[in-house]
Each structure stands twice: as C-alpha cells, then as structure tokens.
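Since the structure comes first, as structure tokens, the remarks are kept for the end.
Every read-out reported here was derived from the displayed coordinates using simple, explicitly stated rules and does not represent laboratory data. Source: prediction; values computed, not measured. Glycine gets a Cβ as well: all are built from the backbone with ideal geometry, and neighbour counts include every protein chain shown.
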Amino acid sequence: MNAQQNKKAGALRGMHAGAEILVLPNAWDVASAVVFEKAGARAIATSSAGVAFSLGYADGQQISRAQMMEVVARIAAKVSVPVTADAEAGYGRAPEDVAKTTLAVIEAGAVGFNLEDMDEGSSAVLFSMEDQVERVRAAREAAKQAGVNVVINARTDVFLGEVGEPAKRLDETVRRLNAYRAAGADCLFAPGVTDAPTIAELVRQVAGPLNILAGSDAPTIGELQKLGVARVSLGSGMMRVALTAARDAAVELLEKGSYSKLVGNLISFREMNDLMK
C-alpha cells in the first residue's frame, strides 16, 4: 500500500510544480468525488465544511477525526486519482494529536491533507507561529515514520479570520507560511485573499507553491495561473452550488407542483448509477 500511496503522493506533489495550475473542486462525499473525477479533476480534495454539513454538523472540528476520515476513506477507495483531505486543525491542539491525524489520513488512503492554524479552543484565534511550526513538524515526522510522503498543505487563517490590523496581515501571512514551509509543508494556503495585487505579492514572497481559495469575487483560473498561483480550491463552494440547485427544485415542486428544474443538462439516473458500479 505504501508504494502505491507514495506514487500518488508524488503525482500530487508534481501537480503543484507543473505548468498547469492545480484546480480542486472539493468533494463532500463519494458521489461528488466520482462526478468531479469524471469531469476531469486530476486530484480530489475534500471539503471539511462539506463533509460536516452532509453529516449534520456545523464546520470547525465539530465532527471527530474518525468521522471525517471515514468519509475520506470511502472517497479514496472509489476514485483513481490522488485524494487530499481537509483535516481542519488536526483534531487536537498538541503535536501528538496532529501526528495521529496524519496517520489517520494515510490509513484512509489519502496522500495529502490541509492543516490550518485556526485554534478553535483559544481566544487567541490562531495558534502561535511557534506552536504551529511544531505541529507541522509532527505531521511530517509521522508521515516519514509511516513511510508515506504525504503532501502537507499548511494553511494560515490570518486573512480569513481577519486577525490583527489589516495593514499587517500580508506580512504576518508571509511570515507564517514561510515558517510552515521550513517545518516541512509542501504547499502554503492563504484563504480569504481574492484581490490580484495581494495574491501576486504572496506568490512573490512565499517560499513555496501557493494555494488560493476561489469564489465569485476571485480572479479567474487563467488569471490566477498568470499570477503564479499553484493550486486553487473551492472549499464548500461546490456543495453549496449543488444544494442551491436542490433547494430551488424543491421550492418549485412544493410551491408550484412543477418540475422544470429536472430538465436540461441533468445527470441521468443511468449515468450516475454506472459511475457507482
């Protein structure tokens, strides 16, 4: 298993260094992962919020490590492309907790994971940079001991959490991401940044592949590639697109008794059933 996982980990790592930007329409269950693979996704990333919502929980480590990894395992077993899991903040504050999460990711069959520095259990909002560095190091060491060179996507929530004075957020983001890179992270994630000048500055100053969280207010994929971004993910965006369509169809059905939302370019029952065989 390690040889196969390392092959996929190497493929995923290479996707961060190629000429083509890595685009990840985050999945929340097996069906969405299979649909995204069929659509051409070169790798599948999971959405922690999407998985939590699908299981009836709010986002922010409200579900357990075991619950999250059960979904990741089901996805990894079904698709053929590399899978990278959103492991939130590692399901525990100590480096040892992050090490356990790293091993759980590997056991689930994934070959990469996100690790954020948002500290849900503290009024400080973020872990100190020094603490997060130790947590990243613990993840890298656990992966090394397990024999799988997983791709660690280290995330800082300075912008997303609106931490500190606005004028100082860029410098703090760069300081943290470069420290996480030195501690063993492969890719650096700065969600909450959507303006082109700030993204360009991050690309220039961050010493590794940069991951941007895209949305309706972000530059297009082509523009992000020109800026030098290596990886783009959508978080829970794709799930919310699907739920919006389902909500609108339900409203039409319940209020008007009609089914116009069920026509058009709808995935047929047969196609979906065949994808799951």
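Some values worked out for this structure:
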quantity	calculated
Answer from M239, M272, M276 - the residue that is in contact (Cβ under 8 Å) with a residue 40 or more places away in the chain, crowded, with 16+ Cβ neighbours inside 10 Å and farther than 30 Å from V174 by Cβ	M239
Sole exception among (1) in a loop (DSSP other than H, G, I, E, B); (2) in contact (Cβ under 8 Å) with a residue 12 or more places away in the chain for L266, by number	(2)
Members of the stretch 1-29 that are surrounded by 18 or more Cβ atoms within 10 Å (Cβ to Cβ) and assigned to a helix (DSSP H, G or I)	Q5, K8, A9, L12, R13, M15
Residue within the stretch 153-172 that is over 17 Å from L126 (Cα atoms), touching a Pro at 6+ places or on another chain (Cβ under 8 Å) and not polar (S, T, N, Q) present	no
Selected residue (criterion: farthest from the chain's Cα centre (by Cα)) from residues of the stretch 54-101 that are within 21 Å of L22 (Cβ to Cβ) and either aromatic (F, W, Y) or in a helix (DSSP H, G or I) (or both)	K78
Residue in the stretch 134-148 that is closer than 19 Å to V111 by Cα, buried (at least 19 other Cβ atoms within 10 Å of the Cβ) and touching a His at 6+ places or on another chain (Cβ under 6 Å) present	no
Unmet criterion (only one of (1) closer than 17 Å to A31 by Cα; (2) surrounded by 12 or more Cβ atoms within 10 Å (Cβ to Cβ)) for A246	(2)
Any hit, the stretch 160-171, residues being more than 21 Å from G109 (Cβ to Cβ), crowded, with 24+ Cβ neighbours inside 10 Å and touching a Phe, Trp or Tyr at 6+ places or on another chain (Cβ under 8 Å)	no
Breaking point among (1) of a type outside the set (K, R); (2) in contact (Cβ under 8 Å) with a residue 60 or more places away in the chain; (3) part of a helix (DSSP H, G or I), for V136	(2)
